[in-house]
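Student: Following this message is one structure expressed as structure tokens.
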Amino acid sequence: MRFPTHLRRIALLLFISVAGVARGGGLDGVWRIEMRKPFGVTLRTYLIFHEDAGQVRGMVFANSSSKVAIADVRTDGPDTLFQIPWGWNFRVRPDGGNLHVVITYDGGGRDEETAVPASESEMQPPPRIAPPAVVDVPDNGLARTPPMGWNSWNHFAERVDDRVVREAADAMVSSGMAAAGYVYINIDDTWEAGRDAQGNIVANQKFPDMRALADYVHSTGLKLGIYSSPGPLTCGGYEGSYGHEEQDARTYAGWGIDYLKYDWCSAGRIYGNADLRAVYQKMGVALQGSGHAIVFSLCQYGMNDVWTWGPKVGGNLWRTTGDISDNWKSMSNIGFNQGHLAPYAGPGHWNDPDMLEVGNGGMTPDEYRTHFSLWSMLAAPLMAGNDLHGMSAGTRDILTNREVIAVDQDALGREAVRIADNGGVEIWTRPLADGGLAVAFFNRNAEEMPSGVSWSALGLGAPPAAIRDLWGHAGVAPDAAGYSGTVPGHGVVMLRVR
Ligand code: GLA
């Protein structure tokens, strides 16, 4: 099944409080569902119900660390129906000592499962391993400009496999993205099977030979990335690196892996916020000891002001937010709220407002141009999250706009700040290594709006010698007082002035 877009945080411990629910009957207790994936992995989900005075209270423990209240609980004959806000819809019925469970997913797909009696103790995380004493891990020398590449999650989620990754590498080259600066082909969650007798992490049937895949990706001139968690399970409920950090770093190095995204997820069941730095440090040190250059991408949704300590654990980038979705609201809420983090970005260590949704279909071309421009102004990693193999020419043109990419990749590494908000048209500026300035006019209104700025408001004493429109790919005749123009609804005008 395909995880719905809004269901990115599918992993460890999802509590569902079922209060005031009509009695279903026969649900009381703890139940385990073993969800067998067609690629040789079994994921566990637990249902816990307490029936009391005609009410059913309950919770679902489904690979996630989020607590989510359920809505719309009802009975239908012998069935109890409820849903969770992520779009999992349950129909549960007692069935000869077990439960018969049907889960339908809003994003498509249906699972029919048997839940068997289980115990609360099965759900407990393993014992806590004391994290190391905090030290300052040296800079690994990587990611002098924000990493550029592709990641499987936003489009493929669980459907990523060896073929998808090879096709992404091929398409990155044939589309011109590689020539435009994209380097990393990153496998996100759901590649893991478990561990062998020696404790080595093993890929599942979707990835028959990780070393051969890395060799292939390297043969195209690109680099390969992978995904794990400091917890026992990833966000999708797959094997994490807990207690195997050095061993996994060595395995990745042996495979030729060049990038690791390390996702907090179930670590939150064992560690508190105060442990975040030490826990990430453990893998930062392990990667640097692995003998292979591996970019370290911290994914913990901005918790505990990660930007203040991310570089000190050997991190090259860190997520500043929860998961992005392929819509204007999600993208703009994330992107336009990053300005205060500008002081923390610089060569080797970057704020990561999450991966790109350009080309995934939920936004208009203007909205995707805004997304790509805003991320470039923010010196954000440019991780395409679409199907590169099947992308349209319009999507390719956005992702390969070299003039916008040059702003993202500017050697100075200074992130943009907002200097004005005129009725929902925000002006952001970013100083560039050549002494020039990138200036972006973002229109957050749905309708076209006029916008402009005086040279003095940009701190320029005189009209700039050159003004370049980075989406129009043309020079703009300088006006004595400043720049003025119109910006499409949800669109952008992006200039480079010198
Ligand atoms: C979390 C991360 C996502 C993705 C999923 C995979 O939600 O934030 O980017 O990696 O886990 O399960």
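Student: Pull up the range 145-194, narrow it to residues that are in a loop (DSSP other than H, G, I, E, B) and closer than 18 Å to P208 by Cβ, then point me to the one that is farthest from the ligand (Cβ to nearest atom).
Tutor: D161
Student: In the range 334-369, what residues are more than 16 Å from the ligand (Cβ to nearest atom), acidic (D, E) and buried (at least 20 other Cβ atoms within 10 Å of the Cβ)?
Tutor: E367 - this is the single residue of the range 334-369 that is more than 16 Å from the ligand (Cβ to nearest atom), acidic (D, E) and buried (at least 20 other Cβ atoms within 10 Å of the Cβ).
Student: Return yes when A115 is at pLDDT 95 or above and at positive phi and no when it is not.
Tutor: No.
Student: Inside the range 208-245, can you point out the residues that are closer than 15 Å to W255 by Cβ, within 16 Å of the ligand (Cβ to nearest atom) and of a type in the set (F, W, Y)?
Tutor: The one that is closer than 15 Å to W255 by Cβ, within 16 Å of the ligand (Cβ to nearest atom) and of a type in the set (F, W, Y): Y227.
Student: Next question, about the same structure. Which condition does A133 not pass, out of (1) surrounded by 13 or more Cβ atoms within 10 Å (Cβ to Cβ); (2) more than 14 Å from R32 (Cβ to Cβ); (3) aliphatic (A, V, I, L, M), if it passes all the others?
Tutor: All conditions pass for A133, except number (1).
Student: Related question: Do we find a residue being under 21 Å from the mean Cα position of the chain (by Cα) and of a type in the set (V, I, T) anywhere in the range 408-418?
Tutor: No, the conditions are met nowhere in the range 408-418.
Student: Going by the conditions given, is S297 modelled with pLDDT of 95 or more and surrounded by fewer than 22 Cβ atoms within 10 Å (Cβ to Cβ)?
Tutor: For S297, the condition - modelled with pLDDT of 95 or more and surrounded by fewer than 22 Cβ atoms within 10 Å (Cβ to Cβ) - is not met.
Student: What are the pairs, 6+ residues apart or on separate chains, where a residue within the range 313-325 that is closer than 14 Å to C235 by Cβ has its Cβ under 8 Å from a residue that is of a type in the set (K, R) and within 12 Å of the ligand (Cβ to nearest atom)?
Tutor: Matching pairs, first to second residue: G322/R9; D323/R8; D323/R9.
Student: Here are some residues: P131, P117, P126. Which one is away from the ligand (no atom under 16 Å from the Cβ), closer than 25 Å to Y242 by Cβ and touching a Gly at 6+ places or on another chain (Cβ under 8 Å)?
Tutor: Among P131, P117, P126, only P126 is away from the ligand (no atom under 16 Å from the Cβ), closer than 25 Å to Y242 by Cβ and touching a Gly at 6+ places or on another chain (Cβ under 8 Å).
Student: Return the total of residues in the range 306-333 being surrounded by fewer than 18 Cβ atoms within 10 Å (Cβ to Cβ), more than 15 Å from the ligand (Cβ to nearest atom) and over 29 Å from R250 (Cα atoms).
Tutor: So the count comes out to 3.
Residue by residue, here is whether (1) assigned to a loop (DSSP other than H, G, I, E, B); (2) surrounded by 12 or more Cβ atoms within 10 Å (Cβ to Cβ) holds:
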residue	(1), (2)
R430	no, yes
P450	no, yes
G461	yes, no
G472	yes, yes
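Student: All but one of (1) at pLDDT below 95; (2) out of contact with any Ser or Thr (no Cβ under 8 Å at 6 or more places or on another chain) hold for G236; which doesn't?
Tutor: (2)
Student: Being in a loop (DSSP other than H, G, I, E, B) and surrounded by 15 or more Cβ atoms within 10 Å (Cβ to Cβ) is the requirement here; does N140 meet it?
Tutor: Yes.
The values are calculated or read from the model by the stated rules, or taken from the named source; none is laboratory data. Fair warning: this is a prediction, and the values are worked out from it, not measured in the lab. Note: ideal-geometry Cβ built from the backbone for every residue, glycine included; neighbour counts use all protein chains shown.
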